[in-house]
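The values are calculated or read from the model by the stated rules, or taken from the named source; none is laboratory data. What you see is a predicted model, and the numbers here were worked out from it, not measured in a lab. Glycine gets a Cβ as well: all are built from the backbone with ideal geometry, and neighbour counts include every protein chain shown.
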Amino acid sequence: MIDDEGGSGYPGGVVAADGQGVVPVPGHRSARRGAVEGGVAFGVRLKVLRQSRGLTRETLGGLVGRSGSWVKAVEVGRLGVPKLHLLMALATALRVRDLSELTGDQSLPVHLFAGPGHARLPAVRAALDLYPLPPLAPDAAVPAPSALRARLDAAWAARHAAANHREVIGALLPDLIRDAQVAALVAGQAEERRAALAALSQVYALAQFFLAYQSGASELLWRAVERSLVAAQESGDARAIGVAAWLAAEAHRDAGHWEAADAVTVATLDHLTPLLDAGGAPVRAIYGALQFEAGYTAARSGRQGEAWGRWDAAAAVARSLPGDYYDPITSFGQAVIGAHAVTVAVELRAGGEGVRQAVVSEGTAIPSRPRLARHRVEQARAYQLAGQPDAAIATLALAAAAAPETVRYNGYAKGIVLEETVSRSPARRRQAAELARSMGLLTS
């Protein structure tokens with residue numbers, strides 16, 4: 001979700017400090033033994049999770065590079081628990097939050113799509129828990145919507161420039177949340193209230209970038225999603241509505257609610273279409289971002305034609321924007337269209353096409369450290385899918401150099417790194433172990 005991160009995990013043990021393999025976790029049963037944990041066989045768990053996500057066997061098989069008959073064989077028990085790379089691919093496609101949901105092994109909780117809880121999370125939580133009510137103290141400072149907007153602009157700029165972007169925006173969010181809540185509460189004139197509500201909605205948008213993929217922050221993320229939607233709707237501001245919907249669609253998609261993601265995206269595109277001419281570049285940019293969002297969801301659910309059709313529509317919008325336009329929230333613009341093509345390819349499990357798109361997009365400058373790091377992760381996914389693990393690890397090292405927090409919270413990056421710590425190549429094992437250590441994946 002949220003532009004910078006994604007997820008996968010690792011099932012079999014903790015990485016040895018010397019990078020030479022994995023240390024088995026006590027009580028963990030080998031995937032090759034195909035054991036039943038928690039009283040429910042692996043194949044039954046797989047079938048239940050697949051059906052709950054609304055996937056056919058053919059669709060799930062396609063997402064992991066296998067056939068529908070292979071999925072059926074696993075579900076009915078003719079095949080045992082898959083090997084590491086397929087287990088991670090299944091977990092990714094099914095968007096399970098903890099690997100034990102899929103394996104049934106409660107002795108090894110592995111959070112697939114969550115990074116560590118950030119040190120600034122308690123302060124952000126406290127700000128979101130606050131419930132300001134009138135009357136305020138007579139001398140209470142109430143920021144003007146224009147002042148809030150300036151602070152928001154500065155916060156987005158700081159985020160794009162920072163390697164550790166969660167640290168930067170986590171420090172700014174508590175005061176921004178409280179001030180935006182108060183400003184919306186006491187705004188008088190209709191125009192002032194609309195501006196305050198639009199600013200409040202986008203403060204909640206900033207909060208979602210901080211909260212995404214943090215352990216223990218899921219309920220806060222959904223609270224921010226809902227508050228952002230309500231504030232945007234009440235503001236009537238076209239761009240605020242588009243941004244709130246874009247983030248809501250990402251949250252639904254990453255939770256596996258693909259129909260909900262599609263419904264939000266399509267409804268908002270319809271709402272924005274007659275407003276494009278009057279809205280200028282900011283509204284066109286969120287419209288383009290929503291077009292790609294629809295393509296992203298289509299790719300994740302295996303709808304290849306729709307995925308590339310939506311990408312084409314997004315690319316056409318990007319070409320209508322000034323060449324140097326870069327949306328501060330969605331990162332939409334000509335600079336990221338190539339990166340979006342890599343994402344579509346890897347979500348469709350098309351490694352060769354992903355590599356081709358990675359090469360095509362390589363010369364494009366992305367003016368954001370976290371977004372550049374996310375693009376490097378997607379390139380690494382393409383290389384891994386195409387059977388080029390050395391290129392995948394080297395590209396992840398570039399991602400970590402651009403924005404280490406992005407890599408630390410990205411489940412796909414974690415999955416690739418941990419898979420390569422058991423590579424047959426000593427050089428690749430060492431490189432993967434170094435990355436795992438820098439990402440905080442090694443445990444003692």
Next item on the list: Mind listing just one residue for me: the one in the stretch 403-436 that is touching a strand residue (DSSP E or B) at 6+ places or on another chain (Cβ under 9 Å) and not in a helix (DSSP H, G or I) and, of those, modelled with the lowest pLDDT?
Entry: Val422
Notebook entry, point to check: How many residues, within the stretch 154-179, are in a helix (DSSP H, G or I), modelled with pLDDT under 95 and aliphatic (A, V, I, L, M)?
Noted result: 0
Notebook entry, point to check: Counting only residues that are basic (Lys, Arg) and more than 27 Å from Thr59 (Cα to Cα), which one in the stretch 211-270 is surrounded by the fewest Cβ atoms within 10 Å (Cβ to Cβ)?
Noted result: Arg223
Check: Taking Ala413, is it small (Gly, Ala, Ser), more than 24 Å from Ala157 (Cα to Cα) and touching a residue at least 12 places away in the same chain (Cβ under 8 Å)?
Finding: yes
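Taking into account only those residues within the stretch 314-330 that are touching a Lys or Arg at 6+ places or on another chain (Cβ under 7 Å) and either assigned to a helix (DSSP H, G or I) or assigned by TED's automatic domain parsing to the domain that holds Arg151 (or both), which is surrounded by the most Cβ atoms within 10 Å (Cβ to Cβ)?
Going residue by residue through the stretch 314-330, those that are touching a Lys or Arg at 6+ places or on another chain (Cβ under 7 Å) are 317, 320-321.
With the extra rule that they be either assigned to a helix (DSSP H, G or I) or assigned by TED's automatic domain parsing to the domain that holds Arg151 (or both), the set shrinks to 317, 320.
Working: Val317: 22, Ser320: 15.
Across the stretch 314-330, the extreme among qualifying residues is Val317.
Which residue out of Ala199, Ala212, Ala217 is under 24 Å from Glu250 (Cβ atoms) and at pLDDT 95 or above? Working first, answer last.
On the way: Ala212 fails: at pLDDT 95 or above; Ala217 fails: at pLDDT 95 or above.
Ala199 is the lone residue from the list that is under 24 Å from Glu250 (Cβ atoms) and at pLDDT 95 or above.
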Notebook entry, point to check: Is the stretch 293-313 home to any residue that is at pLDDT below 95, touching a Lys or Arg at 6+ places or on another chain (Cβ under 9 Å), surrounded by fewer than 19 Cβ atoms within 10 Å (Cβ to Cβ) and of a type in the set (Gly, Ala, Ser)?
Noted result: no
Check: Residues in the stretch 331-339: is at least one over 24 Å from Leu86 (Cβ atoms), over 16 Å from the mean Cα position of the chain (by Cα) and among the β-branched types (Val, Ile, Thr)?
Finding: yes
Checklist line | Number of the exception - Leu418 against (1) crowded, with 20+ Cβ neighbours inside 10 Å; (2) closer than 19 Å to Leu372 by Cβ | finding: (2)
Next item on the list: Give Ala198, Ala231, Ala267 a once-over and let me know the one that is over 25 Å from Thr406 (Cβ atoms), touching a Phe, Trp or Tyr at 6+ places or on another chain (Cβ under 8 Å) and small (Gly, Ala, Ser).
Entry: Ala231
Note to self: Please list, ordered by residue number, the helices (runs of 4 or more DSSP H) wholly in the stretch 1-112 having 1 or more residues that are of a type in the set (A, V, I, L, M) and at pLDDT below 80.
What the structure shows: 57-63, 84-94
Margin query: One residue is enough: does the stretch 352-364 have a residue meeting the conditions more than 28 Å from Gly288 (Cα to Cα), surrounded by fewer than 24 Cβ atoms within 10 Å (Cβ to Cβ) and over 19 Å from the mean Cα position of the chain (by Cα)?
Written below: no
Notebook entry, point to check: When the stretch 423-441 is examined, which residues are found to be in contact (Cβ under 8 Å) with a residue 40 or more places away in the chain, surrounded by fewer than 19 Cβ atoms within 10 Å (Cβ to Cβ) and either over 23 Å from the mean Cα position of the chain (by Cα) or in the same structural domain as Phe209 (by TED's automatic domain parsing) (or both)?
Noted result: Arg430, Glu434
Notebook entry, point to check: For the subset of the stretch 365-384 comprising residues that are out of contact with any Asp or Glu (no Cβ under 6 Å at 6 or more places or on another chain) and touching a residue at least 40 places away in the same chain (Cβ under 8 Å), which member is surrounded by the fewest Cβ atoms within 10 Å (Cβ to Cβ)?
Noted result: Pro367
Notebook entry, point to check: In the stretch 267-284, is there at least one residue being part of a loop (DSSP other than H, G, I, E, B) and at pLDDT below 95?
Noted result: no
Check: Does any residue in the stretch 207-220 that is of a type outside the set (A, V, I, L, M, F, W, C) come within less than 7 Å, Cβ to Cβ, of a residue that is assigned to a helix (DSSP H, G or I) six or more places away or on a different chain, and which pairs are these?
Finding: Gln208/Leu221; Gln208/Ala224; Gln208/Val225; Gln208/Leu247; Gln214/Leu121
